[in-house]
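Presented below is the structure to which this report refers.
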Amino acid sequence: MSTDQADADLGADERRALADRLAGAGALSARWRETFEAVPRHLFLPPVYWEFVEGSAVPRDRGSDPDGWLAGAYRDTPAITQWDDGDEAAGRRDFTSSLSMPTMVALMLGDLDVEDGHRVREVGTGPGYNAALLAHRLGAERVMSVEIDRTVADLARANLAAAGLGGLRVLTGDGAQPDTGGAEPADRLIATCASLVTDVPAVWLDQTRPGGLIVAPSATLFGGGAVARLRVADDHRSASGRFTGSSDFMRMRQQRYQAPPVDAYLPGDWPGDAEASATGLDPEAIRASWLAQFAIGCRLPDLYYRRAPYGDTVTWWFFDTAVTSWATVDSVPGAVEFDVRQSGPRRLWDEIHAAWTAWEQAEHPGYERYGLTVTGSGERTVWLDDPDHHWSPPAR
Ligand SMILES: C[S@@+](CC[C@H](N)C(=O)[O-])C[C@H]1O[C@@H](n2cnc3c(N)ncnc32)[C@H](O)[C@@H]1O
């Protein structure tokens, strides 16, 4: 670390304490620990950021509370650094850039299994902290990172320079596109923004050498997410491997889903022409399990839901992305049967119930029992235990 040494030296005790906690939880190997202790995370934080604590974004302002600002940098929490793609008038609806939670950073770097001399491509630079860790471990010239947001990319370059790692190349662009920045295929590719399991960018196969690894958080439209660890085949035409654990990353910018308004599905009053039935499965049970949502979302990748609470009851709405069908289920606390309405050519609740049943019959498999195969020709197959045992949707 060169430049402002006094600033870089801040937080050394806090950094060590965070590394202790991560190592104690089994997230941080001895090799990475050295790097975590050496790279100051606070150098990648702006004067005001929002610490994400138990579902709330808490502002940390260096001007009014420098100690709180610094302490937040060394807690195991994500730090939000941009809202709404930088649109100040949007009212802070969605966070669109951040420093990821240290535990996730450590686990994913562990999954990446880098060795001395490796070249790494990162997709989603954000403020540049993860790239800095890689650069400290491998050398700045061996790491290249791609960031879609111009302002964020500029800040990352400035942060990296302030940390003495200005030799790391940050490209401004879409990490799902074939721009290689003139680089050879990397030994490792790590994404720090999520792609849908059905839409893992095929270009990553070309950007990673045969035998190399892709570590990428994957999400489903239905909910749930997990980190995929894929090894690229010798012919470059596919990559395959298991998921390693749960994740909840912000989606790649071009993969955010804008749901149509409800009246695109149901132009008149509810329940319209919907068929009535009853179910013994409370959708709130699905909500309680991120893993169940992931399993259902992998099997039914074109479905999503919205919850509409009124009083104690929650009406769950289920939709398909083709805008052909919808279903509702009323979740009433304490009930054993729940009212169902289904409309359109598909019976969405029946499909979801069948996916839940398949998950139960498979005895609630953990993330590491699922795997993903991506081919250059566009197939994305989620499998259970073995690549021939498809979990992805059976053809309708
Ligand atoms: C969670 S942040 C990255 C965290 C970061 N690497 C760190 O050091 O903690 C995700 C970043 O991905 C970026 N992003 C989203 N879609 C992208 C895309 N298609 N290509 C490149 N970057 C993208 C966002 O702008 C955001 O800055």
Dipole in debye (nearest 20) - the chain, about Cα centre, beta carbon charges: Lys, Arg +1; Asp, Glu -1: 680
With a Förster radius of 22 Å, plug the Cβ-Cβ distance of D76 and E141 into 1/(1 + (r/R0)^6) and report the FRET value to the nearest 0.05. 0.10
Using a Förster distance of 30 angstrom, determine the FRET efficiency expected from the C-beta separation of D234 and E379, and round it to 0.05. 0.95
Per the chain, sqrt(5λ) over the Cα gyration tensor eigenvalues, sorted largest first, in Å, gives 39, 25, 19
Note on the chain, DSSP bridge orientation, antiparallel percent to nearest 5 equals 75
Over the stretch 104-219, with the other protein chains present, what is the accessible area per residue in square angstrom, probe 1.4 angstrom? 32
Just subtract the alpha-carbon distance of A158 and V262 from 0.36 nm times their residue separation and send over the number in nm, one decimal. 33.0 nm
Can you bin the stretch 110-189 into rounded, prolate or oblate? Criterion: square roots of the alpha carbon gyration tensor eigenvalues sorted a ≥ b ≥ c, rounded for a/c under 1.5, prolate for a/b above b/c, oblate for the rest. oblate
Mean-position separation - Cα centroids, the stretch 98-166 and the stretch 257-271, in angstrom: 42
Solvent-accessible area, 1.4 Å probe, carbon plus sulfur percent, for the chain: 49
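Just to be sure I understand: if I project the alpha-carbon convex hull of the stretch 213-354 onto a plane and average over all orientations, what area do I get in nm²?
The orientation-averaged projected area of the Cα hull of the stretch 213-354 comes to 10.3 nm².
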Between D113 and E184, what is the label-point separation in nm under the 7 Å Cα-to-beta-carbon projection? 2.1
Solvent-accessible area of S240 with every protein chain in place, 1.4 Å probe, in Å² to the nearest 10: 40
Cα Rg, Dmax, the stretch 162-281, angstrom units: 19.8, 65
Kirkwood hydrodynamic radius, the stretch 1-96, all distinct C-alpha pairs: what's the number in Å? 14.6
Counting helices only, and only those DSSP H runs with n ≥ 4, report the 222 nm mean residue ellipticity of the chain as the sum of -39,500 (n - 2.57) divided by its residues, in deg cm²/dmol to the nearest 500. -7500 deg cm²/dmol
Residues of the stretch 262-361: accessible area per residue with a 1.4 Å probe, Å²: 45
Please compute the modelled spin-label separation between E368 and A308, points set 7 Å along Cα→Cβ, answer in nm with one decimal. 4.3
Using Cα springs under 10 Å in a Gaussian network model of the chain, which residue among A23, A355, A194 shows the largest mean-square fluctuation? A23
Would you mind computing, in nm to one decimal, how far apart the modelled labels at R150 and V48 are, each placed 7 Å from Cα along Cα→Cβ? 2.4
Assuming 0.890 mPa s and 25 °C, estimate D for the stretch 289-396 with Stokes-Einstein, Rh taken as the Kirkwood radius over Cα pairs, in µm²/s. 161
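Is there a quick way to get the dipole size of the stretch 271-396? I mean about its Cα centre, with the Cβ of Lys and Arg at +1 and of Asp and Glu at -1; what is the value in debye to the nearest 20?
360
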Normalised by the number of residues in the stretch 262-361, what is the relative contact order in percent for Cα pairs under 8 Å and 6+ residues apart? 30
Most mobile listed residue (P46, P283, P345) in the chain, GNM with C-alpha springs under 10 Å: P345
To the nearest 0.05, how large is the calculated FRET efficiency for E337 and W270 if R₀ is 22 Å and r is the Cβ-Cβ distance? 0.70
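The values are calculated or read from the model by the stated rules, or taken from the named source; none is laboratory data. Predicted model only: the values in this text are computed from it and were never measured. As a convention, Cβ positions derive from the backbone with ideal geometry for all residues, glycine included, and neighbour counts pool all protein chains shown. In case anyone asks, the SASA skips ligands and DNA or RNA and just uses the protein heavy atoms, side chains included. Shrake-Rupley method; radii C 1.70, N 1.55, O 1.52, S 1.80 Å.
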